[in-house]
Amino acid sequence: MTEISVSIRDGETGTFPQGITAAEALKELVSNKLRKQTVAVLRDGVPVDLSVSLSGDSVLEPVVMNSPAGLEILRHSAAHIMAQAVKRLFGPEVKVAIGPAIDDGFYYDFDREEPFTPEDFERIEKQMAEIVATRRPFVRTEMPVDEAIKFFSERGETYKVELLQDMETETVSFYQQGDFIDLCRGPHIPDTSWLKVFKLLRVAGSYWRGDEKNPMLQRLYGTAFFDKKDLKKYLYRQEEARKRDHRKLGKELRLFTIQDQIGPGLILWQPRGAMLRRLIEDYWKDEHYRNGYELLYTPHIARQDLWRTSGHLDFYGENMYAPMEIDEIKYQLKPMNCPFHIAIYKSNKHSYRELPIRWCELGTVYRYERTGALHGLLRVRGFTQDDAHIFCRPDQLEDEIFNILALNLHILKTFGFDQYDVYLSTRPEKYVGSDEHWQLSTDALKRALEKKGLGYEIDPGEGVFYGPKIDIKIKDQLGRSWQCSTIQVDFNLPERFDMKFTGEDGAGHRPIMIHRALMGSLERFIGVLIEQYAGAFPLWMAPEQARILNITGDQAQYCEAVYSRLRKAGVRVEKDLRNEQLNYKIREAQLIKVPYMLIVGEREKENGTVTVRKRSGENLPPMTPQEFVEMVRSESEEGTGRRMT
RNA sequence: GCCGAUGUAGCUCAGCUGGUAGAGCAACUGAUUCGUAAUCAGUAGGUCAGCGGUUCAAGUCCGCUCAUCGGCUCCA
């Protein structure tokens, strides 16, 4: 009998008869403790089942529970078991589509006439538990593709047949546990009893293969863990995320409101939200001025001809609002600010000495979004971009992009974001401009990223029609990522609008244009900020920094004096002098997350001080109003790196 | 836009199988003048998202529309 050598990566090596299973080899080569933790193995780097029989010399690496790979395998198996349960409960006429593991769990798509209801969840979960209890092994088999097609055709599994028809390999693998068999690459948990902790989460529609021309399937989402505690933690995190939901907090903190009467996707900023936004805008404008930008203002509508010239009608028309006719001329709401900035550029002649020109604007644009896409502040129909356009010479492109990246990261950091994923998107299918232009600008983006020392991923074909772009997705405190910043090179618009600058040689040359937004849109960014800080904004951007609370009416006059003094010093202070108990006032101030409460009783009135209660509940020793002003100033300065009040 | 769920007072939510709306908080009035997360009492407030239908009778059943939520798609 032939012998083979099996070794554990970074571990022992042994000699075994050919055909031994990975599980048997592990029994000899690793500790019992590790073996019991092992879900599957990497054989020469490829994930396979424990039951795989080894035909030649192999290096094995155990995939353990709770490792990302281990969880993925568990969840993938959970998807199979869920499909089995669904088939058992709702009959063989339910067709199965695909059922992968995803970041936080798994899903399986089904084609079934009747909708699944949340009440079905309990039945499915119960059925799953029964399957788990039978300890059915996951058995792998292989067959040629054409045989597999025949197999699934006979069972009416048309989606599986479609998948198989697109496959290029000759044989495919199947996994069977009990009465359920599914097309699957694997690997899987050894048997169903490994699935101890799982929960179905929700049901949602999804198109077959994500294409809206295809039939809508029902997707059941669930999650699974090895340890009950992990599921609890997961559910707790979900709960935390719900608590931070900017739509909920926006209402509670009275920041903004969205009303049917006004229209979906249109934001009404309430005074507190408006103050928050103003502070962010002021900071933004100031920071841009310091970095060599000039501020512009442009209108909300323009003649349709402008949008024809810019190419927006052709490339972006389906996102634009229908034209309105004024004096027999058609006008359209702007979906972007760029053509206006170009028009301003063209209002004068420009020398090469003037470049780069950096113009910024908080420009409010309107874009048609499908109703199903709207979501609080994060996806709206009217929003204000923190837009800028840089007009430069080709030799300045790389430096300009570098400078934008630097400013970008600096501003994000001020808002507490220092983790991000960077993507470089290259030429899409639908595009304008020459290949040479695309190459030149893509290279400039790459070099600037490298110079800034930013790791990035390439997103092939995800560029805008007019040029390649860099997208920065920021990560919030819960680890969720949000697309905000975008930097896009554009060779197209300067061409279309025939933009020029006079070169050293006295001839006309074409500038390059860079579009960029750092926060993306103020609406979205503020939505993300609300979730980032759970509504408890740092002092410098808190709409209300302090609230004066008196204990009895006897201090009202003194409180008024403190109030006007702080207001004059630039502190955003409010007063609550109602005839209510202190506890009641503190509770209200706490719920609306005011950073400082200034408590004034007889003691403070006599000493000319205030007692400061922080949002955390901590009390500071009594201080004079002037001392409080200084404290607010220095803390705000820390937040933004400069004096804000 | 598509699939599913939801829409009752400013907010959070009750209202079983159809019999012409209810609570808590907020608001308002009065009392209470109080030291670190809700003082007590009273008053007022709703074309039950909108439109249409079934019925003697609709918040409740049916249809359409609008909006919201979870996804798909899309994306600043």
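The values are calculated or read from the model by the stated rules, or taken from the named source; none is laboratory data. The structure displayed is predicted, hence computed values, not measured ones. Note: ideal-geometry Cβ built from the backbone for every residue, glycine included; neighbour counts use all protein chains shown. Keep in mind that these areas ignore ligands, DNA and RNA; they rest on the heavy atoms of the full protein, side chains included. Shrake-Rupley method; radii C 1.70, N 1.55, O 1.52, S 1.80 Å.
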For A:GLY210, work out the one condition from (1) in contact (Cβ under 8 Å) with a residue 60 or more places away in the chain; (2) within 19 Å of A:ASP103 (Cβ to Cβ) it doesn't fulfil. (1)
Just wondering, is there one or more residues in segment A:545-553 that are more than 15 Å from RNA strand B (Cβ to nearest atom), surrounded by fewer than 19 Cβ atoms within 10 Å (Cβ to Cβ) and within 37 Å of the chain's Cα centre (by Cα)? no
When every residue in segment A:168-180 that is open to solvent by 40 Å² or more (accessible area, probe 1.4 Å) and either touching a strand residue (DSSP E or B) at 6+ places or on another chain (Cβ under 7 Å) or part of a strand (DSSP E or B) (or both) is compared, the one nearest to A:ASP49 (Cα to Cα) is A:GLN176
Filter segment A:355-412 for residues that are under 24 Å from A:GLN332 (Cα atoms) and away from RNA strand B (no atom under 16 Å from the Cβ) and give the result. A:TRP359
Being of a type outside the set (S, T, N, Q) and touching a residue at least 60 places away in the same chain (Cβ under 8 Å), is that true of even one residue in segment A:592-599? yes
Restricting the search to segment A:139-174, which residues are closer than 20 Å to A:GLU93 by Cα and in contact (Cβ under 8 Å) with a residue 60 or more places away in the chain? A:ARG155, A:GLY156, A:GLU157, A:THR158, A:TYR159, A:LYS160, A:LEU163
So which residues in segment A:209-220 are within 24 Å of the chain's Cα centre (by Cα), near RNA strand B (Cβ under 7 Å from one of its atoms) and surrounded by fewer than 19 Cβ atoms within 10 Å (Cβ to Cβ)? A:GLY210, A:ASP211, A:GLU212
Every listed condition ((1) part of a helix (DSSP H, G or I); (2) within 24 Å of the chain's Cα centre (by Cα); (3) within 16 Å of RNA strand B (Cβ to nearest atom); (4) of a type in the set (Ser, Thr, Tyr)) holds for A:TYR236 save (3)
Kindly provide the set of residues from segment A:242-257 that are under 19 Å from A:MET275 (Cβ atoms) and open to solvent by less than 70 Å² (accessible area, probe 1.4 Å), ordered by number. A:HIS246, A:LEU249, A:GLY250, A:LEU253, A:LEU255, A:PHE256, A:THR257
Could you tell me which residue of segment A:614-625 is nearest to RNA strand B (Cβ to nearest atom), considering only residues that are in a strand (DSSP E or B) and crowded, with 16+ Cβ neighbours inside 10 Å? A:PRO622
If we only count strands (runs of 3 or more DSSP E) wholly inside segment A:470-583, which ones have 2 or more residues that are not small (Gly, Ala, Ser) and not assigned by TED's automatic domain parsing to the domain that holds A:GLU606? A:481-490, A:512-521
Within the bounds of segment A:183-204, is there any residue that is surrounded by fewer than 16 Cβ atoms within 10 Å (Cβ to Cβ), small (Gly, Ala, Ser) and on the phi > 0 side of the Ramachandran plot? no
Pick out, from segment A:360-459, the strands (runs of 3 or more DSSP E) lying fully within it that include 3 or more residues that are open to solvent by 50 Å² or more (accessible area, probe 1.4 Å). A:457-459
Quick one: how many residues across segment A:564-613 are near RNA strand B (Cβ under 10 Å from one of its atoms) and touching a Pro at 6+ places or on another chain (Cβ under 7 Å)? 5
Does segment A:239-279 hold any residues that are among the small types (Gly, Ala, Ser) and part of a helix (DSSP H, G or I), and which are they? A:ALA241, A:GLY250, A:GLY273, A:ALA274
Counting only residues in segment A:472-507 that are within 13 Å of RNA strand B (Cβ to nearest atom) and open to solvent by 10 Å² or more (accessible area, probe 1.4 Å), the one farthest from A:ARG237 (Cα to Cα) is identified as A:GLN488
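Determine whether A:GLU325 is open to solvent by 70 Å² or more (accessible area, probe 1.4 Å) and not assigned by TED's automatic domain parsing to the domain that holds A:GLU369.
Numbers: open to solvent by 70 Å² or more (accessible area, probe 1.4 Å): yes; not assigned by TED's automatic domain parsing to the domain that holds A:GLU369: yes.
Here the answer is yes, as A:GLU325 does meet what is asked.
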Any idea which of (1) free of Cβ contacts under 8 Å to residues at least 24 places away in the same chain; (2) over 20 Å from A:PHE525 (Cβ atoms) is the one A:LYS251 doesn't satisfy? (2)
Number of the exception - A:ARG642 against (1) of a type in the set (Lys, Arg); (2) at pLDDT below 95; (3) under 22 Å from A:GLU580 (Cα atoms): (3)
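Are any residues in segment A:305-319 buried (at least 18 other Cβ atoms within 10 Å of the Cβ) and either not in a helix (DSSP H, G or I) or not small (Gly, Ala, Ser) (or both), and if so, which ones?
So in segment A:305-319, the residues buried (at least 18 other Cβ atoms within 10 Å of the Cβ) come out as A:306-307, A:310-312.
Once the filter is applied, which keeps residues that are buried (at least 18 other Cβ atoms within 10 Å of the Cβ) and either not in a helix (DSSP H, G or I) or not small (Gly, Ala, Ser) (or both), segment A:305-319 yields A:LEU306, A:TRP307, A:GLY311, A:HIS312.
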Assuming A:LYS605 fulfils every condition listed in (1) surrounded by fewer than 17 Cβ atoms within 10 Å (Cβ to Cβ); (2) more than 30 Å from A:ASP476 (Cα to Cα) apart from one, which condition is it? (1)
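Do you know which of the residues in segment A:335-354 that are more than 21 Å from A:ARG516 (Cβ to Cβ) and assigned to a loop (DSSP other than H, G, I, E, B) is nearest to RNA strand B (Cβ to nearest atom)?
A:SER347
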